[in-house]
Amino acid sequence: MAESQRRRRWYWENDTDAEGKPVRSRGVPDGGDLAALRRGLGRPAGSVPQMWRFYRSVVSSPDSPQLAAEHAALALYGLHQQSQRTPMHQPGVGLGEALRRLKACEGVSEDAVTRRFNAAATATSFDELVAHLRGLITQLRGKTIALDYSQLCEDLRRWNNPSGQSQVRRYWGMQYHAWHSAGAEEPSPA
C-alpha cells in the first residue's frame, strides 16, 4: 500500500465512521498508541520518535505550521481519549461547541469554563494556546465530551497565521456562545 493511501485518515478517525459513529469492530484505541501520542504534550513537533508514525504532513522543516498543528492535535487527542471507552473524536463538534456542552454540565462552573476558554482564545503564542487547550481537553475528558479533532487540527494550523488567529477566535466564540440559529449548520472558518 502506498504511503499516501496508508495515511489518508487521521489517527483519531480510525474509530469512527464518516458520521462520527463508533466503529465497534475496531474497539477502543490502543493504549500504547495513546501513550505515544501523549508523549508529545509540551514537546516540539517532530521531537518525539514514538509519534512519527502518526504524522500525515509532508514537510521540509520541523518548524512547519502544519506539523506543529498536527503534533498538537495528536497529543491532545491522546490525552482526551485516555481511559475512554467511546471515541473522543466526533465530526462536526467544534471546540467552542464542546466547551459550551461542558459549561452546561452539572457540577461545572460556567464562569470557570468561560475564563479558561477566553484565556485560550486570547493566547498570544501557539505554545500558550496549546497549554490552555491541554487543561480544557482534560475537563472535556472528565465529562466524556467529544470534539472534532480534524477541525481542531485545521484550526491550529490556521492559528499560526496572524489573520487566521482572528478567524479561529471568531469561529470558536460563535460556537461557544451559540450565535447561530437553531437547526442551522454551524459556521465553518473560511
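The values are calculated or read from the model by the stated rules, or taken from the named source; none is laboratory data. Just so it is clear, the model here is predicted, and its values are computed rather than measured. When we count neighbours, we look across all protein chains shown, and the Cβ atoms used for this are built from the backbone with ideal geometry, even at glycine.
Scanning the range 58-81 for residues that are in contact with a Lys or Arg (Cβ under 7 Å, 6 or more places away or on another chain) and either surrounded by fewer than 18 Cβ atoms within 10 Å (Cβ to Cβ) or not acidic (Asp, Glu) (or both) yields PRO65, GLN66, ALA69, ALA75, LEU76, GLY78, LEU79, HIS80.
Cβ-Cβ contacts under 8 Å between residues 6 or more apart (or on different chains), taken from a first residue in the range 102-124 that is within 21 Å of THR144 (Cα to Cα) to a second residue that is modelled with pLDDT of 95 or more and among the β-branched types (Val, Ile, Thr), are listed as LEU102/VAL108; LEU102/VAL113; LEU102/ILE145; LYS103/VAL113; LYS103/THR114; CYS105/ILE145.
Which of the residues belonging to the range 148-182 are within 19 Å of CYS105 (Cβ to Cβ), surrounded by 13 or more Cβ atoms within 10 Å (Cβ to Cβ), touching a Lys or Arg at 6+ places or on another chain (Cβ under 9 Å) and not polar (S, T, N, Q)? Hit for the range 148-182 is TYR176, nothing else. Would you check if LEU99 is of a type in the set (A, V, I, L, M, F, W, C), in contact (Cβ under 8 Å) with a residue 60 or more places away in the chain and part of a helix (DSSP H, G or I)? Yes, satisfied.
Of the residues that make up the range 110-129, is at least one surrounded by 19 or more Cβ atoms within 10 Å (Cβ to Cβ), under 11 Å from the mean Cα position of the chain (by Cα), more than 22 Å from PHE54 (Cα to Cα) and modelled with pLDDT of 95 or more? Scanning the range 110-129 turns up no residue that is surrounded by 19 or more Cβ atoms within 10 Å (Cβ to Cβ), under 11 Å from the mean Cα position of the chain (by Cα), more than 22 Å from PHE54 (Cα to Cα) and modelled with pLDDT of 95 or more. Within the range 7-65, restricting attention to residues that are on the phi > 0 side of the Ramachandran plot and under 16 Å from the mean Cα position of the chain (by Cα), which residue is modelled with the highest pLDDT? Per the stated criteria, the residue is GLY42.
All conditions but one from (1) assigned to a loop (DSSP other than H, G, I, E, B); (2) at pLDDT 95 or above; (3) out of contact with any Lys or Arg (no Cβ under 8 Å at 6 or more places or on another chain) apply to GLU186; the one that does not is (2). Looking across CYS105, CYS153, one residue alone is at pLDDT 95 or above, assigned to a loop (DSSP other than H, G, I, E, B) and hydrophobic (A, V, I, L, M, F, W, C). It is CYS105. Scanning the range 30-69 for residues that are assigned to a helix (DSSP H, G or I) and touching an Asp or Glu at 6+ places or on another chain (Cβ under 8 Å), we see that the one that is farthest from ARG85 (Cα to Cα) is ALA69.
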